[in-house]
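Enquirer: After the structure tokens below, expect a handful of questions from me.
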Amino acid sequence: MSEPFDVIEAGSKGSKGRRRRLGAALLLVPAVVVVIGLLATRGSGPAEPKASPTPAPTASRVTTPNVVNPEARRDGDDEIIDVVFPDGTQAEVRYPRQLGLAAMGVRPMLGGWLDGEMTQYRQLIAPYEGQAEVSRGGQALRDLTGNVTLWPRQPGGGSGQVLLFAFGDWRLALYDRSQGLTFEQRMTWARNLTGKVTDDGFLVLSARKPLRLAEPGESGWNREPAGPQLWFGPPDGPTVVLVPTPVCRANPRPPSVLIEARGRFTYLCRDGLSIGASGPGDWVTQAIEGIRVRLK
């Protein structure tokens with residue numbers, strides 16, 4: 001069996017610049033002036049027409065960063081958006097217009113196991129900034145498959161190396177633990193996790209054995225919800241989390257994205273769905289009281 005961390009050094013190729021000699025500077029000045037004039041003339045031309053304002057999107061789509069911005073419909077003081085959880089569950093979300101959930105962007109999260117063992121539980125998270133958030137300007141350690149790459153561990157914290165999956169425009173990260181998966185286990189994840197992008201831009205995941213994805217209501221480490229989730233907003237701003245929860249329990253443990261958020265947060269379960277919000281106090285209260293979700 002391979003070592004838990006299969007690291008390959010990644011090098012970079014340098015390029016040699018070309019040197020030019022300067023001579024007879026005084027004699028060349030007129031020629032330089034002529035050349036500059038020609039270049040300026042070549043670069044100039046009819047002014048490009050100003051781009052017209054980008055129209056509002058008519059359909060949901062994946063944008064930069066690594067989120068989808070659903071199309072919002074107005075209904076009085078409310079907005080309504082249609083969303084798809086990473087297990088394929090569809091829902092309609094109604095909220096006070098001033099919350100602006102559609103503009104915040106939404107990304108998926110889903111947990112999974114190898115061979116059903118809790119020690120092999122891992123989370124699949126869409127980094128808000130996509131690949132740039134994982135690469136940090138560096139290079140991948142290796143390609144595992146045509147759409148999966150292995151990246152060095154993130155600076156700070158105790159997490160291990162990162163598997164980055166590419167599904168269409170989406171980038172989905174598996175942040176390994178410090179004592180991480182073996183090479184064979186990483187290959188099992190890479191070969192057996194599949195993703196499909198819906199027509200409105202959401203990512204839906206599926207898996208083949210021995211990989212199993214968490215279902216609504218299941219828990220991972222420390223009773224943290226492992227089932228399909230949607231996260232609205234950037235990590236350093238107001239956040240809303242939606243988690244289908246068939247059976248509501250007293251004092252549910254919130255997802256890590258809320259625990260790690262700045263400021264206060266609230267997390268509760270009602271009518272088969274857990275909802276959490278973090279941010280300024282008044283904003284959190286408005287989100288918890290005003291957001292209504294209808295699972296289809």
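Listed here are the residues, each with its yes/no results for (1) in contact with a Gly (Cβ under 7 Å, 6 or more places away or on another chain); (2) on the phi > 0 side of the Ramachandran plot; (3) among the aromatic types (Phe, Trp, Tyr).
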residue	(1), (2), (3)
Asp176	yes, no, no
Trp189	no, no, yes
Ala214	yes, no, no
Leu230	no, no, no
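Enquirer: In the stretch 105-117, how many residues are out of contact with any helix residue (DSSP H, G or I) (no Cβ under 8 Å at 6 or more places or on another chain) and modelled with pLDDT under 95?
Expert: Residues flagged as out of contact with any helix residue (DSSP H, G or I) (no Cβ under 8 Å at 6 or more places or on another chain) and modelled with pLDDT under 95 within the stretch 105-117 amount to 3.
Enquirer: Confirm whether Thr245 is of a type in the set (S, T, N, Q), farther than 14 Å from Pro216 by Cα and over 17 Å from the mean Cα position of the chain (by Cα).
Expert: No; evaluated as a whole, the condition is false for this residue.
Enquirer: Is there any pair linking a residue in the stretch 274-285 that is surrounded by 17 or more Cβ atoms within 10 Å (Cβ to Cβ) to one that is of a type in the set (Lys, Arg), with Cβ under 8 Å and at least six apart or on different chains, and which?
Expert: Listed pairs, sorted by first residue: Ser278/Arg262; Ser278/Arg264; Gly279/Arg264; Val284/Arg264.
Enquirer: Would a scan of the stretch 190-206 turn up a residue that is assigned to a loop (DSSP other than H, G, I, E, B), at pLDDT below 95 and among the hydrophobic types (A, V, I, L, M, F, W, C)?
Expert: No, the stretch 190-206 has no match at all.
Enquirer: Does any residue in the stretch 77-93 that is in a loop (DSSP other than H, G, I, E, B) and crowded, with 17+ Cβ neighbours inside 10 Å come within less than 9 Å, Cβ to Cβ, of a residue that is of a type in the set (S, T, N, Q) and at pLDDT 95 or above six or more places away or on a different chain, and which pairs are these?
Expert: Filtered contacts from the stretch 77-93: Phe85/Gln229; Pro86/Gln229; Asp87/Ser206.
Enquirer: Please work out which one of (1) within 21 Å of Gln154 (Cα to Cα); (2) in contact (Cβ under 8 Å) with a residue 40 or more places away in the chain; (3) part of a helix (DSSP H, G or I) is the condition Gln98 fails and give its number.
Expert: (1)
Enquirer: Still on this structure, I have one more. Of the residues that make up the stretch 207-218, is at least one within 18 Å of the chain's Cα centre (by Cα), surrounded by 14 or more Cβ atoms within 10 Å (Cβ to Cβ) and not in a strand (DSSP E or B)?
Expert: no
Enquirer: May I ask you to say which residue of Gln123, Gln161 is farther than 25 Å from Leu242 by Cβ and surrounded by 17 or more Cβ atoms within 10 Å (Cβ to Cβ)?
Expert: Gln161
Enquirer: Quick one: which residue in Gly180, Gly237 is at pLDDT below 95, in contact with a helix residue (DSSP H, G or I) (Cβ under 9 Å, 6 or more places away or on another chain) and buried (at least 17 other Cβ atoms within 10 Å of the Cβ)?
Expert: Gly180
Enquirer: Select from the stretch 255-273 the residues that are surrounded by 15 or more Cβ atoms within 10 Å (Cβ to Cβ) and touching an Asp or Glu at 6+ places or on another chain (Cβ under 8 Å) and list them in ascending order.
Expert: Within the stretch 255-273, Pro255, Ser256 qualify.
Each row is one residue, and each column tells you yes or no for (1) outside any loop (DSSP other than H, G, I, E, B); (2) over 16 Å from Val68 (Cβ atoms); (3) within 20 Å of the chain's Cα centre (by Cα).
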residue	(1), (2), (3)
Arg107	yes, no, yes
Leu110	yes, no, yes
Ala132	yes, yes, yes
Gln139	no, yes, yes
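Enquirer: While we're on this one: Could you please find all residues in the stretch 183-199 being under 19 Å from the mean Cα position of the chain (by Cα) and crowded, with 16+ Cβ neighbours inside 10 Å?
Expert: Matches in the stretch 183-199: Trp189, Ala190, Leu193, Gly195, Val197.
The values are calculated or read from the model by the stated rules, or taken from the named source; none is laboratory data. Keep in mind it's a predicted model, so treat the numbers as computed, not measured. Cβ: placed from backbone, ideal geometry, glycine included. Neighbour counts: every protein chain shown.
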